[in-house]
Amino acid sequence: MLETTLFLLRRLASDRTAALGALIITLLVVVAIAAPVLSTHPGDVTEFHPPERLLPPSDDHFFGTDRMGADVYSRLLFGARITIAIAVIAIGASVLVGIPVGLIAGYYRNWVSDALMRISDIFLAVPQIVLAIAIAQTLGPSIENVILALSATYWPFWARLVYAETRSALNDTYVEASIALGASPWRVMILHVLPNISSSVIVRTTIGMGGTILTAAVLGFLGLGPPAPSPEWGRTIAESREFLPEAWWYATAPGLAIFLVVMGFNLLGDGLRDILDPRTRRSGDG
Amino acid sequence: MRMLDQSAGVRRFLAVAALAVGVATASPAVAGGKFVFANSSAYDTLDPHAIFDVGRVASRINLYDGLMRWFDNPPHLEPWLAEKVEVSDDGLTYTFTLRDATFHDGSPVEASDVVYSIERILEMKKGAFSLFAGTVEPGSTKAPDARTVVFTLNKPSAIFLATVPEVHVVNEELVRANEVDGDLGTAWLSKNDAGSGSFQLTRYDPAVGWQAKRFDDHFFGWDMVENPLDIIEFRTVVEINSRVLGLMNGDFHGTDGYLPQDQVKRLAASENVNVDEQESMRIFYSIIHNGRSPMTDVNFRKALAYAFDYDGFINNILSGSVARDPVPLPNNMWGAPADVTGYTYDLDKAAEHLAMVKEPLREITLGALAGYGQTEQAAALLQNGLNKIGVETKIVTEPWPVASGKMRDEQQMYDLLFLWKSTYYADPNNWLGEMYACEQIGARNNSWYCNEEVDRLLSEARVSTDQAVRQANYEQANRLLAEDAAGIFVYNTKWFGPFSTRVKGVRFCPIGNGQEMRWVSID
């Protein structure tokens, strides 16, 4: 196991773009954890100073101040916490639901399998963002509901993926062999199929993180995310619209942050795919 | 991006086509052009009796006429569809004599249409209904002949005449012909026009807005306006930046006069835009749900009032573009007392009052309106203050149609809600009488506030014909409401009406906000 991890890391380090992605994400995590230390005005998440509103970037305010006179830089750091929490929990829940559904539907060939896949088809039939907006709107704006909306609309992607991979793995000799030796369905699914399809799940999860962060920002932008005065990035961009183009820093900082993080996850996801799944490796690359 | 450009191109093409049609059907007068107004809220209905707000006032005053109408600033009331009005000595009988006027379909406006219109309002119980409820009984309005309408009130009302402009006259025959299952024609009238107003509806799409062409046979005639408009369009543009940019590059010719101050500055700097500044009557305040614990406790309400940073809000966030108004009445309206200084941002006093609260504390919900950044900033500022004295709060931002629905429901209403109260008619009753009279609870009184003494003063002022008594009563009611911290009263607004430099003749009136387009022309 340790050897595999080391191998992965070495491969990752040799792939420059993937390494960049990993670096960005590491940075995001560090920033989120150390937000109270790194921020210059940690109180500004809930505390405002109207006389200092819409100040341009300076030594005191790296990214200027917002409409309430709060430090954009400090709020950005605390916003990273929300972003990570939403992405990790929503994707975690999607994976926890999607993998078992996909495994069961893929392993068995009966009505349960059909029913599970038709249900996930229903979810996939509606554009994910539209469904997420509808759910978040119905439940009301809050972080919990954004997570719920994202999880509810994301799990079918994993269910589909795991289903297809399981179906193809079932034809492999090692699965046939273990079934012939009398292994129970659960044993086959968890000890034989799952480890062998894990690479595509990992790749999908990494890339999915980026998508989730983007969708969460969209929900925040539309006012369906955590309510004011939350420093959530999408909401900050929505607030800043009134003050464009004069207060350019107000929208630019969270905009860049979203861009970087989403790009980071995509680069890392691409890199991981190259390493773990040589079949779909990018052309012109090792 | 390409999609946007394309649709804009199509829209421009349609606009040209519509213009051509308009010119073809209009009289041989000189082409007066088309005026596009970027409206901040969507016109979900055009039925003049279903709505009664300022965001959707243009369809009422441009497509319809009332017996009386408000003009200019400070507003004065003039006969409009009526030629004259006589009031009996007991103040109960109002006799209106109609002018010669025609509806858009060519049929004459008759007294029976006026009777039908007021009966329709009373039966629909929507829009301006609450203004007439209890004063005008169904069936009490008569049309002795085609030109005479007699309103008989069941109690004297000092504000009746002031509210008559809201009786928009609809074409009875036309509405009845389009009635479905006794719906009073609501379904049909929500997207069609049965009026006699200066403009005649040509197109309506709830998602886009509406368009109307000049009605040449309007009773008032068009001689007074040189080169009047051919076509008016009220297009829904929710995004503030789109409205401002559209105005600066000439796509729009006007938009609402209550933009954030940062945008007003930007518009004023543009050479394509004139910003018309006028003293208005539109107060900004927070409703406090007085009927729910702990806001039932006057000390808690005072703590709230002391926890709002009035100075920071008015001078910093709004760059001093508005005037502090410590009472629920615009300070330029008669009846506003000069001796009330109001609350200041004083957290020590807030904490003092909070310590005296006997009700158990809990998390307080602060409501704000989506798309109106100012309400959210006010809520955040109050939250900031309340945080410091240990009151937990949660901000809920919802669109106006949602909020206005909740405002009528005691259970669903937010604990507090920041919003404006505009002028629907220029009388103190428009503010005090509606916001704090006991009988208006759940209708226009969304504070669930009912104070015996205040209610007595307001009821008396509502029926008295003695101006001195009315003024004294309103002043006293204001003092009591401020003392009671019935709401958090913040400011009275100014109107900064941005119009294209090509536009002339805008007549601003706090009722209608300068959106009566018959006086306007465009180069």
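Considering only C-alpha atoms, what is the centroid distance from region A:130-206 to region B:166-240, in Å? Value for the Cα centre distance between the two parts: 56 Å. Counted over the protein assembly as shown, the DSSP beta bridges are approximately 75% antiparallel.
Report the net charge of residues surrounding B:Arg282, where surrounding means a beta-carbon distance below 13 angstrom and charges are Lys +1, Arg +1, Asp -1, Glu -1. Overall, the nearby charge balance is -2.
Here the relative contact order of chain A, from alpha carbon pairs under 8 Å that lie six or more residues apart, stands at 25 percent.
As a proxy for reagent exposure, B:Thr341, B:Thr95, B:Thr375 were ordered by neighbouring Cβ count within 10 angstrom, fewest first; the result is B:Thr341, B:Thr95, B:Thr375.
Axis of helix B:111-124 versus longest Cα principal axis of chain B: the two differ by about 40°, to the nearest ten degrees. Put a plus charge on the Cβ of each Lys and Arg, a minus charge on the Cβ of each Asp and Glu, and nothing anywhere else: the dipole of chain A about its Cα centre is then about 880 debye. Residue by residue along B:392-398, Cβ atoms of other protein chains within 10 Å of the local Cβ number 3 on average. Region B:304-374 and region B:90-147 have Cα centres spaced 41 Å apart. Inter-chain Cβ neighbour count for B:375-384, averaged per residue, equals 5 (cutoff 10 Å, partner chain atoms only).
Relative to its Kirkwood radius, the Cα radius of gyration of region A:1-145 gives an Rg/Rh of 1.12.
By the rule of a C-alpha distance below 19 Å, with chain neighbours fewer than 8 residues away ignored, the aspartates and glutamates paired with B:Lys213 are B:Asp47, B:Asp65, B:Asp105, B:Asp193, B:Asp205, B:Asp223, B:Glu226, B:Asp230, B:Glu233, B:Asp251, B:Glu516, B:Asp523. Unpaired Cys in chain B, meaning no second Cys C-beta under 4.7 Å: B:Cys509. To the nearest ten degrees, helix B:467-483 and the longest principal axis of the Cα atoms of chain B are 50 degrees apart. Multiplying the residue separation of A:Ala180 and A:Leu96 by 0.36 nm and subtracting their alpha-carbon distance yields 27.4 nm. Residue separation of B:Met124 and B:Asp205 scaled by 0.36 nm, minus their Cα-Cα distance, works out to 26.8 nm of gained length. To the nearest ten degrees, helix A:248-276 and the longest principal axis of the Cα atoms of chain A are 20 degrees apart. Ranking B:Ile159, B:Gly106, B:Ala50 by Cα position along the charge dipole of the protein assembly as shown, where only Lys, Arg, Asp and Glu carry charges on their C-beta atoms, puts B:Ala50 farthest toward the positive end. A simple charge model with +1 on the Cβ of Lys and Arg, -1 on the Cβ of Asp and Glu and nothing else charged puts the dipole of the protein assembly as shown at about 2800 debye relative to its Cα centre. Across chain B, Cα pairs under 8 Å and at least six residues apart give a relative contact order of 21 percent. Once the chain from B:Glu279 to B:Cys438 is taken as fully extended at 0.36 nm per residue, the excess over their C-alpha distance is 54.2 nm.
Pairs exceeding 28 Å between alpha-carbon atoms, taken from B:Lys302/B:Lys421; B:Lys126/B:Lys265; B:Lys125/B:Lys191; B:Lys265/B:Lys394: B:Lys126/B:Lys265; B:Lys265/B:Lys394. Under a Cβ-Cβ cut-off of 14 Å, what is the net charge of the residues other than B:Ala482 that fall near it, where Lys and Arg count +1 and Asp and Glu count -1? Result for the neighbourhood of B:Ala482: -2.
Seen from B:Asp523, the other residues with C-beta closer than 15 Å to its C-beta sum to a net charge of 0, counting Lys and Arg as +1 and Asp and Glu as -1. Each DSSP beta bridge with both residues in region B:281-495 is either parallel or antiparallel, and the antiparallel ones are about 60%. Shielding value for B:263-274 is 1, the average number of Cβ atoms from other chains within 10 Å of each residue's Cβ. For B:Gly209, the residues 5 or more places off, or on other chains, whose built amide H falls under 5 Å of its own are B:Thr236. Rounded, prolate or oblate: pick one for region B:281-495, where a ≥ b ≥ c are the square roots of the eigenvalues of its C-alpha gyration tensor, a/c under 1.5 means rounded, and failing that, prolate if a/b is larger than b/c, else oblate. It is rounded, given that a/c, with a ≥ b ≥ c, falls under 1.5. Computed from label points 7 Å out along Cα-Cβ, the spacing between B:Thr97 and A:Val126 is 6.3 nm.
If you plug the beta carbon distance of A:Thr26 and B:Lys358 into 1/(1 + (r/R0)^6) with R0 = 41 Å, you get a FRET efficiency near 0.15. Between B:Ser270, B:Tyr306, B:Tyr258, whose Cα lies farthest towards the positive end of the dipole of region B:257-316 when Lys and Arg beta carbons carry +1 and Asp and Glu beta carbons carry -1, centred on the Cα centre? Of the listed residues, the answer is B:Tyr306.
Taking a ≥ b ≥ c as the square roots of the Cα gyration tensor eigenvalues, with a/c under 1.5 meaning rounded and otherwise prolate when a/b beats b/c, else oblate, which class fits chain B?
oblate
Out of all DSSP beta bridges with both ends in chain B, state the antiparallel percent to the nearest 5. If I count the DSSP bridges inside chain B, around 75 percent turn out antiparallel. Annotation: amide H of B:Met333 has no partner in the under-5 Å range at sequence separation 5 or more or interchain, hydrogens built in the peptide plane. A simple charge model with +1 on the Cβ of Lys and Arg, -1 on the Cβ of Asp and Glu and nothing else charged puts the dipole of region B:281-495 at about 400 debye relative to its Cα centre.
Between B:Asn154 and A:Val112, the simple spin-label model (points 7 angstrom out along Cα→Cβ) gives 6.9 nm. When the charge dipole of region B:281-495 is built from unit charges on Cβ atoms (+1 for Lys and Arg, -1 for Asp and Glu) and taken about the Cα centre, the candidate among B:Ile441, B:Ser459, B:Ala370 whose Cα reaches farthest toward its positive end is B:Ala370.
Throughout, read-outs are computed from the coordinates displayed, never taken from laboratory work. Not measured: the values here are computed from a predicted model. No Cβ is skipped: glycine too gets one built from the backbone with ideal geometry, and neighbour counts run over all protein chains shown.
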